[in-house]
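Here the structure is laid out as structure tokens; the discussion comes afterwards.
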Amino acid sequence: MMNNSKSLDSKASKHITVDLGDRSYPINIGPKQISLVDLNQYIQGGKVLIVTNDTIAPLYLESVMAGLENKNIDVVTLPDGEQFKNLDHLNSIFTKLLEQNHDRKTTLIALGGGVVGDMAGFAAASYQRGVPFIQIPTTLLAQVDSSVGGKTGVNHPLGKNMVGAFHQPAAVIIDTDTLNTLPDRQFSAGMAEVIKYGLIVDYPFFEWLETNADAIIRRDKAALSEAIERSCINKAKIVSADEKEHGIRAILNFGHTFGHAIETFQAYRGWLHGEAVAAGMAMALDLSMNAGNLSQEDVDRSNALMSFFSLPVAAPKDMTADDFMKLMYSDKKVLDGQLRLVLLRSLGQGYVSQDFAQRWIDATLAKFCRC
Ligand code: NAD
Ligand code: GLY
């Protein structure tokens with residue numbers, strides 16, 4: 001009986017490869033992956049440090065530890081929240097590694113959402129100039145975006161994700177059962193990044209999301225699994241083509257320049273990342289319409305899909321156009337003082353633009369912000 005259900009679950013598993021030569025790695029997606037996937041195959045040495053937080057540890061730490069064989073396991077449990085994604089808390093990971101004599105053969109395991117993943121990944125990128133790490137993402141947002149692609153880092157009070165490194169994981173283990181405990185608001189925030197793929201590269205996926213929105217919001221397992229898989233396929237393709245964001249990868253930041261401005265303005269204690277990205281995408285859609293690329297119908301359809309998942313499609317009421325302009329100029333996409341933004345040529349076709357007219361931005365900011 002037990003074996004049968006295990007093999008059924010194995011069959012439900014999906015596998016995607018992020019193709020980066022000798023740094024290629026698998027993404028395993030499916031129910032019960034924490035117990036089905038043998039983590040030991042991705043661990044070279046005898047020591048492991050699991051980085052998690054105080055919400056996730058009681059839920060999933062024990063089952064991850066149960067899968068590790070003959071390993072000396074340490075754990076860092078971070079406080080939960082975007083406001084703790086900073087150098088101080090990163091340092092607590094280094095302290096644990098040093099106190100417990102972890103050497104270059106240690107492996108870090110990130111067990112949690114994007115905050116834990118970005119911090120554990122950055123610790124792995126920089127501890128003794130780089131050690132391997134494994135991503136076990138437990139939020140929808142982390143499963144469809146942050147655990148894949150090797151962007152790691154922390155926030156600075158003056159700017160979001162401003163200190164970090166590219167460091168690819170050895171594997172990404174997406175256990176879709178972890179979403180059973182994810183609060184609705186966090187689930188919706190993850191949908192912002194799912195919808196993003198439809199908008200920037202995959203119009204058929206956008207249409208599929210429109211058709212399957214009811215099933216997804218009910219967390220129907222098949223629909224959710226397909227949404228995660230299609231998101232990861234899109235992300236893996238883009239990362240494989242442009243690992244270090246010299247070109248096409250920048251389109252993954254659709255809406256993020258506006259979104260990061262919102263998060264920084266709120267000192268990382270206000271809207272969730274996905275919510276800020278949704279509002280940012282609504283602004284970038286408007287800008288794309290100002291550029292003459294999109295119709296009002298395109299914008300309305302996109303905003304309707306985001307609103308269906310209770311995502312904001314307006315800017316925070318207390319932010320002015322001036323607040324946005326100042327914060328957007330400290331974004332990582334500013335090069336040589338020149339603001340670059342991701343726009344849409346049409347639904348499903350994103351591009352990076354630096355030759356947009358200031359009046360298009362002014363018009364969008366005038367529409368979305370208080371004076
Ligand atoms: P998060 O990590 O803060 O997790 C959201 C909340 O859900 C937290 O309270 C967490 O403890 C809780 N949680 C996580 N898994 C749970 C589960 N299974 N059950 C119950 N509660 C659970 O937020 P997030 O949305 O996962 O990630 C946002 C972060 O990811 C931001 O810092 C953002 O900058 C970053 N990000 C990075 C990339 C990248 O490419 N590296 C991409 C997108 C976002
Ligand atoms: N989330 C943006 C990127 O991975 O490039």
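The values are calculated or read from the model by the stated rules, or taken from the named source; none is laboratory data. What you are looking at is a predicted structure, and each value in this text was computed from that prediction instead of being measured. Note: ideal-geometry Cβ built from the backbone for every residue, glycine included; neighbour counts use all protein chains shown.
Residues to consider are Leu87, Leu98, Leu141, Leu78; find the one that is within 25 Å of Ile29 (Cα to Cα) and either under 13 Å from the mean Cα position of the chain (by Cα) or modelled with pLDDT of 95 or more (or both).
Leu141
Quick check: is even one residue across the range 13-21 assigned to a helix (DSSP H, G or I), away from ligand 2 (no atom under 16 Å from the Cβ) and of a type in the set (Ser, Thr, Tyr)?
No: zero hits.
Tally up the residues in the range 244-261 that are over 18 Å from Tyr197 (Cβ atoms) and within 12 Å of ligand 1 (Cβ to nearest atom), please.
Summing the residues that are over 18 Å from Tyr197 (Cβ atoms) and within 12 Å of ligand 1 (Cβ to nearest atom) in the range 244-261 gives 1.
Test of understanding: among Thr152, Thr178, Thr139, which residue is near ligand 1 (Cβ under 8 Å from one of its atoms) and farther than 24 Å from Gln266 by Cα?
Thr178
Restricting to the range 315-368, what's the tally of residues that are modelled with pLDDT under 95, more than 29 Å from Asp202 (Cα to Cα) and buried (at least 20 other Cβ atoms within 10 Å of the Cβ)?
Adding up the residues that qualify gives 1.
Counting only residues that are part of a helix (DSSP H, G or I) and among the β-branched types (Val, Ile, Thr), how many does the range 22-47 have?
1
I need the full set of residues from the range 54-84 which are under 20 Å from Val131 (Cα atoms) and in a loop (DSSP other than H, G, I, E, B), in order please.
Leu68, Glu69, Asn70, Lys71
For the range 169-224, how many residues meet the condition of being of a type in the set (Gly, Ala, Ser), touching a residue at least 40 places away in the same chain (Cβ under 8 Å) and away from ligand 2 (no atom under 16 Å from the Cβ)?
Going through the range 169-224 one residue at a time, the tally reaches 4.
List the number of the failed condition for Arg249; all other conditions in (1) part of a helix (DSSP H, G or I); (2) crowded, with 20+ Cβ neighbours inside 10 Å hold.
Single failed check for Arg249: (2).
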